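Reviewing the structure listed below.
Please treat every number below as a calculation from the coordinates, not as lab data. Since the model is a prediction, treat every value here as computed from it, not as a measurement. Positions of Cβ are generated from backbone atoms using ideal geometry, with glycine treated the same way; all protein chains shown enter the neighbour counts.
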Amino acid sequence: LGADIVAKARGDAHIVMMSSAASHGIGPVLYKDVPYDPLADFLHIHLVGTFPTVLAVNGSSPITSVAQLIDQARAKPGEITYGSGGNGTMNHLTGQLLARATGVPLTHIPYRGSAPAMNDLMGGQISALMESLPTAIGYFSSGRMRPLAVSEDQRSPSLPDTPTFREAGFPGVVTTNWFGFSTPAGIPPEIAKRWETEIGAALQSTQVKEAFAKIGVRPGTLGAEGYTSLIRSELERWREVIKAGNIRAD
């Protein structure tokens, strides 16, 4: 709804939104009736931050690696489940990439949001969970959940002892959750440039870097051109994954 409102406000430089992988990378290729064009209807100003999806198990689980989880899934077809906050989310799609990379079906349990999914993982109702790092980070530090791997191509500074999927032996499982500032298309170029410059400077501040580090977010470094290219490539990538996996929204 928010993205649609911004898309329809062409030329209005007083409106800005926080675009994301959900609104501009996955949603437009997952849903058939999205009322906006994620590229043509917006001017994408600056990437603000990125963070990984984390594959996690219950803190008391005997599973300590991705390989162990996959071995169990291979030995017990249909019994190993992983939850996410819903069908078509970045966390769900990361699980689909893992299943594709291993050739081992993983039973996905979609929830209506992260909270019930995490509750069921900690309660032992599901085997594993794909969750965004900012949402789960507190449960890792408390020991109630154990991270097995992160989905970005580099380890997270917030989880330095947790390998990437690539390091764990699954190089095809690389995903990044992202968000940034976007405006309606058609705003004056000098205003767009000012937005880009000011946001870029703010993201380099110590205050922002420290705040982001606490929740496992990396400050974005892509300006307008780079952020637009990222969105274009993400749309292409997820269109193929969603089609291949016959993935549908809740």
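Please list the non-local residues whose amide H lies under 5 Å from the amide H of residue 50, H modeled 1.01 Å from N, same-chain partners needing a gap of 5 or more.
Amide H neighbours of residue 50, under 5 Å, 5+ apart: 218, 220.
Mind checking the angle between helix 114-123 and the chain's longest principal axis? C-alpha axes, 0 to 90 degrees, to the nearest 10.
10 degrees
With Rg and the Kirkwood Rh both taken from Cα atoms, where does Rg over Rh land for the stretch 1-130?
Reported Rg/Rh (Cα atoms, Kirkwood Rh): 1.08.
From largest to smallest, what semi-axes in whole angstrom does the stretch 53-150 give when each is the square root of 5 times an eigenvalue of its alpha carbon gyration tensor?
Semi-axes from the Cα gyration tensor: 18, 15, 12 Å.
Among 54, 104, 29, which one moves the most in a GNM of the chain with springs linking Cα atoms closer than 10 Å?
104
How much length is gained on full extension from residue 119 to residue 100, taking 0.36 nm per residue of separation minus their Cα-Cα distance?
So the chain would gain 4.2 nm between residue 119 and residue 100.
GNM on the chain, C-alpha springs below 10 Å: top fluctuator among 223, 143, 59?
Greatest mean-square fluctuation among the candidates belongs to 143.
Going by a ≥ b ≥ c, the root eigenvalues of the Cα gyration tensor, does the stretch 171-238 fall in the rounded group (a/c under 1.5), the prolate group (a/b larger than b/c) or the oblate group?
It is oblate, given that a/c is not under 1.5 and a/b is not larger than b/c.
Helix-only estimate, please: 222 nm mean residue ellipticity of the chain, summing -39500 (n - 2.57) across DSSP H runs of length 4 or more and dividing by its residues, to the nearest 500.
Using -39500 (n - 2.57) per qualifying helix, the result is -12000 deg cm²/dmol.
Under a plain spin-label model, where a point goes 7 Å from the Cα along Cα-to-Cβ, how far apart in nm are residue 214 and residue 60?
Distance between the two pseudo-spin positions: 3.1 nm.
Before anything else, pin down the relative contact order of the stretch 53-150: Cα pairs under 8 Å, at least 6 apart, normalised by residue count, whole percent.
Result for the stretch 53-150 is 47 percent.
Between helix 133-142 and the chain, what is the angle of the helix's C-alpha long axis to the longest principal axis, kept within 0 to 90° and rounded to the nearest 10?
40 degrees
Between 56, 73, 136, which gets the highest mean-square fluctuation from a Gaussian network model of the chain, Cα cutoff 10 Å?
73
In terms of the Cα gyration tensor, with a ≥ b ≥ c the square roots of its eigenvalues, is the stretch 127-250 rounded because a/c is under 1.5, prolate because a/b exceeds b/c, or oblate?
oblate
Give me the orientation-averaged projected area of the Cα convex hull of the chain, in nm², one decimal.
13.1 nm²
Principal axis extents for the stretch 113-199, Cα atoms only, whole Å, descending order, please.
54, 30, 22
Relative to the first principal axis of the alpha-carbon coordinates of the chain, what is the inclination of helix 90-102, with its axis defined by its Cα atoms, in degrees from 0 to 90 and to the nearest 10?
Compared with the principal axis, the helix lies near 50 degrees.
Using the basic label-point model (7 angstrom from Cα toward the beta carbon), what is the residue 10 to residue 141 distance in nanometres?
It is 4.7 nm.
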